[in-house]
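The values are calculated or read from the model by the stated rules, or taken from the named source; none is laboratory data. Computed from a predicted model, the values in this text were never measured in an experiment. Neighbour counts are summed over all protein chains in view; Cβ atoms, including those assigned to glycine, are modelled from backbone coordinates with ideal geometry. The protein model used for the area step is the full one, side chains on, heavy atoms only, and it has no ligands, DNA or RNA in it. Shrake-Rupley method; radii C 1.70, N 1.55, O 1.52, S 1.80 Å.
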Amino acid sequence: MSDKTFRLDVVAPDAALYSGEATFVSAQTTVGQIGILANHEPMLGELAAGGAVVLTEASGARKALAVQGGFLSVSATTVTVLAESAQFAGDIDVAAERAVLESAAEGSEEYLTAKSRVRAVEAVS
């Protein structure tokens, strides 16, 4: 591990979704957007409903996940995303999710899930 990378793990109750070396992670927390680089101060943040987590791998590739709540934990050498549920942007039908945004009540669980999925896709488009 170089001084510009850190271990990143993204887990949900039903699966470990990602484990590898990253150079940057961006996440929406309940108090705002946060970006994490190597050697970030330790912290714990609550992930916002309807948010997305975007990561840059050590190779430079970017990936995004739609995340429905959970926590982001930062230690000296590791970032862990503990999501209530998460889905990779590449697995999302963005047209269907935009249709949900049009029909669902703003602020509802259905609306926030669709919003999260659209954000994830847009983050890597």
Problem set entry | strands (runs of 3 or more DSSP E) within the range 1-66 that include 1 or more residues β-branched (Val, Ile, Thr) and surrounded by 20 or more Cβ atoms within 10 Å (Cβ to Cβ) | 6-12, 15-29, 32-36, 51-57
For this session: Would you be able to say whether some residue in the range 90-97 is touching a strand residue (DSSP E or B) at 6+ places or on another chain (Cβ under 6 Å), surrounded by 13 or more Cβ atoms within 10 Å (Cβ to Cβ) and either assigned to a helix (DSSP H, G or I) or of a type outside the set (Phe, Trp, Tyr) (or both)?
Result: no
Exercise. Of the residues Gly35, Gly45, Gly51, Gly70, which is at positive phi and not aliphatic (A, V, I, L, M)?
Worked result: Gly70
For this session: Could you please tell me which pairs satisfy a Cβ distance under 6 Å, a separation of 6+ or placement on different chains, a first residue in the range 101-119 that is free of Cβ contacts under 8 Å to residues at least 40 places away in the same chain and outside any loop (DSSP other than H, G, I, E, B), and a second residue that is of a type in the set (A, V, I, L, M) and open to solvent by 70 Å² or more (accessible area, probe 1.4 Å)?
Result: none
Exercise. What is the number of the single condition among (1) under 20 Å from Val11 (Cα atoms); (2) in a loop (DSSP other than H, G, I, E, B) that Thr80 does not meet?
Worked result: (2)
Exercise. Considering Ala86, Ala104, which residue is surrounded by 21 or more Cβ atoms within 10 Å (Cβ to Cβ) and either within 10 Å of the chain's Cα centre (by Cα) or within 15 Å of Arg117 (Cβ to Cβ) (or both)?
Worked result: Ala86
Seminar exercise, completed: Of the residues in the range 67-77 that are free of Cβ contacts under 8 Å to residues at least 60 places away in the same chain and outside any strand (DSSP E or B), the one that is least open to solvent (accessible area, probe 1.4 Å) is Gly69
